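Asker: Please read through the structure below; I'll follow up with questions.
The values are calculated or read from the model by the stated rules, or taken from the named source; none is laboratory data. Model, not experiment: these values are computed from the prediction. Don't worry about glycine lacking a Cβ; one is built from the backbone with ideal geometry, like all the others, and counts go over all protein chains shown. Protein only, heavy atoms only, side chains kept; ligands, DNA and RNA dropped before computing areas. Shrake-Rupley method; radii C 1.70, N 1.55, O 1.52, S 1.80 Å.
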Amino acid sequence: MTITVDSPADLASVVGTTATGPWRTVDQRRIDLFADATDDHQWIHVDPRRAADGPFGATVAHGFLTLALLPALTEGLLDVGGTSAVVNYGLDRVRFLTPVTAGSSVRATTTIRSAEVTPQGVRVGSEVVVEVDGADRPALVAATIALYVPS
């Protein structure tokens, strides 16, 4: 499902609305590439043999990798016409609740919580929950903020 509005000025009309994206697999290659990009090569992320005997029975994605996937996981969930740019404005709160083991599928559900008109555009606060397929608890819950700049 996609939340659609004609312009940033219309964002207040969708506060409280929720959309869920498709499942995406987090494979070992992606975890290894993230480890290389961040120089975080802790065995729990990059050593499948050792991690098999570890607390999760497999390697796990870095929490910050799951966080870094938010743009991809939420892409297309909010379609705002008349926008020249969407700027990541920040995060108010992030919690990592469940590890994402290599090969797991994740998806994001976003709920629009606020839409504040500013001189630069409309600042949108959202709650994003990243689910892990088959898990009882989400991998991540974040309060995100994006700025929608009108055309």
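Asker: For region 1-38, which residues satisfy the criterion of being open to solvent by less than 50 Å² (accessible area, probe 1.4 Å) and under 15 Å from Gly63 (Cα atoms)?
Answerer: Val26, Gln28, Ile31, Phe34, Ala35
Asker: Are there any pairs, at least 6 apart or on different chains, whose C-beta atoms fall under 9 Å, with the first in region 71-95 and of a type in the set (S, T, N, Q) and the second open to solvent by 40 Å² or more (accessible area, probe 1.4 Å), and if so, which?
Answerer: Thr83/Pro150; Thr83/Ser151; Ser84/Pro150; Ser84/Ser151; Asn88/Pro71
So that you can scan it fast, the table gives a plain yes or no per residue for (1) more than 24 Å from Thr4 (Cβ to Cβ); (2) acidic (Asp, Glu); (3) within 15 Å of the chain's Cα centre (by Cα); (4) at pLDDT 95 or above:
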{"residue": "Leu91", "(1), (2), (3), (4)": "yes, no, yes, yes"}
{"residue": "Val94", "(1), (2), (3), (4)": "yes, no, yes, yes"}
{"residue": "Thr101", "(1), (2), (3), (4)": "yes, no, no, yes"}
{"residue": "Ser105", "(1), (2), (3), (4)": "yes, no, yes, yes"}
{"residue": "Ile112", "(1), (2), (3), (4)": "no, no, yes, yes"}
{"residue": "Glu127", "(1), (2), (3), (4)": "no, yes, yes, yes"}
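Asker: Let me ask something else about it. Would you mind finding the one in Ala61, Ala72 that is on the phi < 0 side of the Ramachandran plot and under 10 Å from the mean Cα position of the chain (by Cα)?
Answerer: Ala72
Asker: Also, I was wondering about something else. Taking region 104-131 as the search range and keeping residues that are among the aliphatic types (A, V, I, L, M), under 18 Å from Ala19 (Cα atoms) and in contact with a Pro (Cβ under 7 Å, 6 or more places away or on another chain), which one is surrounded by the fewest Cβ atoms within 10 Å (Cβ to Cβ)? Break it down stepwise before answering.
Answerer: Residues of region 104-131 that are among the aliphatic types (A, V, I, L, M), as a first pass: 106, 108, 112, 115, 117, 122, 124, 128-130.
Keeping just the survivors that are under 18 Å from Ala19 (Cα atoms) gives 106, 108, 112, 115, 124, 128-130.
Pick out the ones that are also in contact with a Pro (Cβ under 7 Å, 6 or more places away or on another chain) and you get 129-130.
Values: Val129: 18, Val130: 26.
Within region 104-131, the match that is surrounded by the fewest Cβ atoms within 10 Å (Cβ to Cβ) is Val129.
Asker: Another question, if that's okay. So Phe34 clears everything in (1) among the aromatic types (Phe, Trp, Tyr); (2) farther than 21 Å from Ala108 by Cβ; (3) in contact with a Phe, Trp or Tyr (Cβ under 9 Å, 6 or more places away or on another chain) except one condition, right? Which one?
Answerer: Only one criterion in (1) among the aromatic types (Phe, Trp, Tyr); (2) farther than 21 Å from Ala108 by Cβ; (3) in contact with a Phe, Trp or Tyr (Cβ under 9 Å, 6 or more places away or on another chain) is unmet by Phe34, namely (2).
Asker: Among the residues of region 26-60, write down those that are in contact with a strand residue (DSSP E or B) (Cβ under 8 Å, 6 or more places away or on another chain) and closer than 30 Å to Thr83 by Cβ.
Answerer: Val26 - this is the single residue of region 26-60 that is in contact with a strand residue (DSSP E or B) (Cβ under 8 Å, 6 or more places away or on another chain) and closer than 30 Å to Thr83 by Cβ.
Asker: Report, ordered by the first and then the second residue, all pairs with beta carbons closer than 9 Å, sequence separation of six or more or different chains, a first member in region 108-121 that is of a type in the set (Lys, Arg), and a second member that is not in a strand (DSSP E or B).
Answerer: Arg113/Val15; Arg113/Gly16
Asker: Follow-up question, since we're still on this one. What do you reckon, is Val100 farther than 19 Å from Ala143 by Cβ and of a type in the set (A, V, I, L, M, F, W, C)?
Answerer: On the way: farther than 19 Å from Ala143 by Cβ: yes; of a type in the set (A, V, I, L, M, F, W, C): yes.
The answer is yes for Val100.
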